[in-house]
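The values are calculated or read from the model by the stated rules, or taken from the named source; none is laboratory data. Computed from a predicted structure; not experimentally measured. We place every Cβ from the backbone using ideal geometry, glycine too, and count neighbours over all the protein chains shown. Each accessible area value is taken on the protein alone, full model and side chains, heavy atoms only, with ligands, DNA and RNA left out. Shrake-Rupley method; radii C 1.70, N 1.55, O 1.52, S 1.80 Å.
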Amino acid sequence: MAEVRVTRQSAAGPREEPPAAPDDGDRDDDDRDDGARDDEQADSVESRAEVAAADTPAEAAIQAVERILETVGADVDVSLRSSHDEFTGGPVIDINGPDSGLLIGRRGNTLQSLQFIVQSIVRQQFEEENIRVALDVEQYRQRREDSLREMADRVASRVSQTGRSITLEPMPPSDRRVIHLYLDTREGIRTESVGYGESRKVQIIPDRD
């Protein structure tokens, strides 16, 4: 039988816990808030994974991931990498195991959707719209972020050399945020987000001031 095995952090370090019993979720605000939606969507999300009262966003996120993956019958290990990652701005949860590859999807779309659901549940529970939750499956997200930074480096250098703006391909808010934050202190260039919805993209612009 498929099961979700959860590792939680404590003062004494990580420890394994048995699976929970099944029950009888531009630099502008758009990029810094990569999952906010309206209350109706959050209500729908919560109905997919009820979460018991939690003291911290990290605990709530772990509970939400556990219940969602139990519902779909995924055979995976879930562990808390960080209760509050400085770069991400919230808890980071790692997912590994035999069924973990199914949770990534084409270009990470399934992982993005799962992350949005979990983040919506946590935000609704704590009534805070600025909480961010990051999920990483088999280090896919870490590899993606490394790739984005390498690409941002190359493009920023080209913009500095040519003095011409370059617009990147459309990407989700979490990817745009990686680029914005990474190039935030880069001299000679600045970044903005342009476009709307799924067509929104990052523009790297020479800073002539």
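Per the 1.4 Å probe, what fraction of the accessible area of the range 138-209, in percent, lies on carbon and sulfur atoms?
Working: 1790 of 4220 Å².
For the range 138-209, the apolar C and S fraction of the accessible surface comes to 42 percent.
In Å³ and rounded to a whole number, note down the convex hull volume per residue for the Cα atoms of the range 50-209. Dividing the Cα hull volume of the range 50-209 by its residues yields 121 Å³.
In this simple spin-label approximation, residue 126 and residue 142 carry label points 7 Å from Cα along the Cα→Cβ vector, and these lie 2.3 nm apart. Legend: calculated FRET efficiency, residue 149 to residue 196, from the Cβ-Cβ distance at R0 = 30 Å, rounded to 0.05, equals 0.75. Beta bridges per DSSP, both residues in the range 65-194: antiparallel share near 60 percent. Our estimate of slack between residue 185 and residue 106, defined as 0.36 nm per intervening residue step minus the Cα-Cα distance, is 25.2 nm. Each residue of the range 68-84 was assigned a 3J(HN,Hα) from its phi angle through the Karplus curve 6.51 cos²θ - 1.76 cosθ + 1.60 (θ = phi - 60°); the sequence is 4, 6, 5, 4, 8, x, 7, 9, 9, 10, 10, 9, 8, 6, 8, 6, 7 Hz, with glycine and proline shown as x. Listed values for the range 192-198 are Karplus-derived 3J(HN,Hα) couplings in whole Hz (6.51 cos²θ - 1.76 cosθ + 1.60, θ = phi - 60°), namely 9, 9, 10, x, 9, x, 6, and x replaces Gly and Pro.
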